[in-house]
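Contents: one structure, followed by commentary.
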Amino acid sequence: MKIGITCYPTYGGSGVVATELGMELAARGHEVHFVCSAIPFRLSAANERISYHEVEVTSYPLFDHPPYALALATKMAEVAEQASLDLMHVHYAIPHSVSALLARMMAAPRNLPFITTLHGTDITLVGNDRSYLPITRFSIEQSDGVTAISNYLRDRTLREFEIKRPIEVIPNFVNCDVYKRSDNPLLRARFTRNGDPLLVHLSNFRPVKRITDAVEIFALVREKIPAKLLMIGDGPDRGAAEYVVRKKRLSKDVFFLGKQDHVQDILGIADLFLLPSDEESFGLAALEAMACEVPVIATNVGGVPEVVKHGVDGYLFQPRDVATAAKYALEILTRSDRGRSMGEMARANAQKRYCSNDIIPLYEAYYEKVLNAGRPTARSAS
């Protein structure tokens, strides 16, 4: 198949999943065209079946904001015609599904079906600003196919948007051959030479991720045992987290590593992963850690309980309850094996339910289903 993929190219779960999906599809023989405003962050593997098409947005004094959605629709239609795409797959409803709908109309009478994958904040954002609801609901209903990354997100979308059409759940995934435990004493020695346990957090450092809580949890752990904390990523709350580190005199124990291309290398030497988010529709970073045999301490929110099983491959706690999270962390880190049995169970569960070898065929089958069904007659917007 010839597939167009649109996503946000930044350091976030939706972009990561879309990029990994494109690379996996290309490895399976499909032709993939990324249509984005910039090269997606993790699009690093050279493959002759992968092409990137930049969406250029022209600034004009008349517009307060560049018309990205319109430029994207134009580029989608252009790439679809030039590359003879079979379908478009857009990740994140706002505004990508709207742009795909316009591109489909521009391509008529040629059939250009599009699939929308919902990732979370594209849906939960509407809870904070209801003005987005009508256009988001319209673009979802007009999609030729809709998927969600968790049962939680599907159910919330159906409930809050009163969607009448079916939504297929295809969960996030991880390449279990890439994400695995690693024995890398040289890398570990960069952070600790005394065998101290390594705690890790990975995110885009947005407020919803509560990265200051990750530092607070670590501070409580550090009061009891020697340990180090690795903070992978970057974003608006980095400064606040660095302030908490300085305030608690933890600068020698906390490492801000910024954005990393190969997070599996660092996750592969970790002893514990922290995910203290206020909200998560899935928890991709937790899954990546689990595949590396790292137990997870995460908040009991959204789709996280579908991924992390409390007391089995990690522990769940209520948002902002840093004391309970620290208690669970110490329970793992003070064991003689630092929770290795729990980590092994984490990988086993990741392999059983979320390996790319099992999830990518679900997308392929869904693409075929949409293509075989043909595009439904679009309802008039008038």
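The values are calculated or read from the model by the stated rules, or taken from the named source; none is laboratory data. Treat the numbers as computed from the prediction; the structure is a model and nothing was measured. So basically every Cβ, Gly included, is an ideal-geometry build from the backbone, and we count neighbours across all protein chains shown.
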Query - Set ASN172, ASN194: member being within 25 Å of SER341 (Cα to Cα), without any contact (Cβ under 8 Å) to a residue 40 or more places away in the chain and either outside the structural domain of ASP122 (by TED's automatic domain parsing) or buried (at least 16 other Cβ atoms within 10 Å of the Cβ) (or both) - result: ASN194
Query raised in the report: Hey, among the residues in the range 143-155 that are assigned to a helix (DSSP H, G or I) and touching a strand residue (DSSP E or B) at 6+ places or on another chain (Cβ under 9 Å), which one's surrounded by the fewest Cβ atoms within 10 Å (Cβ to Cβ)?
Result: ASN151
Query raised in the report: What residue, of LEU112, LEU85, LEU102, is closer than 22 Å to CYS36 by Cβ, surrounded by fewer than 22 Cβ atoms within 10 Å (Cβ to Cβ), assigned by TED's automatic domain parsing to the domain that holds MET23 and in contact with a helix residue (DSSP H, G or I) (Cβ under 8 Å, 6 or more places away or on another chain)?
Result: LEU102
Query raised in the report: Just for the range 115-139: of the residues that are over 19 Å from GLY12 (Cβ atoms) and surrounded by 22 or more Cβ atoms within 10 Å (Cβ to Cβ), which one is farthest from the chain's Cα centre (by Cα)?
Result: SER139
Query raised in the report: When you look at GLU368, is it assigned to a helix (DSSP H, G or I), surrounded by fewer than 20 Cβ atoms within 10 Å (Cβ to Cβ), of a type in the set (Asp, Glu) and in contact with a helix residue (DSSP H, G or I) (Cβ under 8 Å, 6 or more places away or on another chain), yes or no?
Result: no
Report summary line: Counting only residues in the range 221-263 that are in contact (Cβ under 8 Å) with a residue 60 or more places away in the chain and touching a Leu at 6+ places or on another chain (Cβ under 8 Å), the one farthest from ALA326 (Cα to Cα) is identified as VAL263
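Residues are listed down the side, and each one gets a yes or a no for (1) buried (at least 16 other Cβ atoms within 10 Å of the Cβ); (2) among the aromatic types (Phe, Trp, Tyr); (3) in a strand (DSSP E or B):
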{"residue": "THR212", "(1), (2), (3)": "yes, no, no"}
{"residue": "GLU216", "(1), (2), (3)": "yes, no, no"}
{"residue": "ALA219", "(1), (2), (3)": "yes, no, no"}
{"residue": "GLU223", "(1), (2), (3)": "no, no, no"}
{"residue": "MET231", "(1), (2), (3)": "yes, no, yes"}
{"residue": "GLY235", "(1), (2), (3)": "yes, no, no"}
{"residue": "TYR243", "(1), (2), (3)": "no, yes, no"}
{"residue": "SER251", "(1), (2), (3)": "no, no, no"}
Requested in this report: Could you check, for the range 18-27, whether at least one of its residues is acidic (Asp, Glu), over 22 Å from THR74 (Cβ atoms) and touching a Ser or Thr at 6+ places or on another chain (Cβ under 8 Å)?
Outcome: yes
Query raised in the report: Which residues, taken from the range 75-111, are touching a strand residue (DSSP E or B) at 6+ places or on another chain (Cβ under 9 Å), of a type in the set (Asp, Glu) and in a helix (DSSP H, G or I)?
Result: GLU78
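Condition check ((1) in a helix (DSSP H, G or I); (2) under 22 Å from ASP278 (Cα atoms); (3) in contact with a Phe, Trp or Tyr (Cβ under 7 Å, 6 or more places away or on another chain)) across all residues:
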site	(1), (2), (3)
GLU160	yes, yes, no
LYS164	no, no, no
TYR179	no, no, no
ARG193	no, no, no
HIS201	no, yes, no
VAL208	yes, yes, no
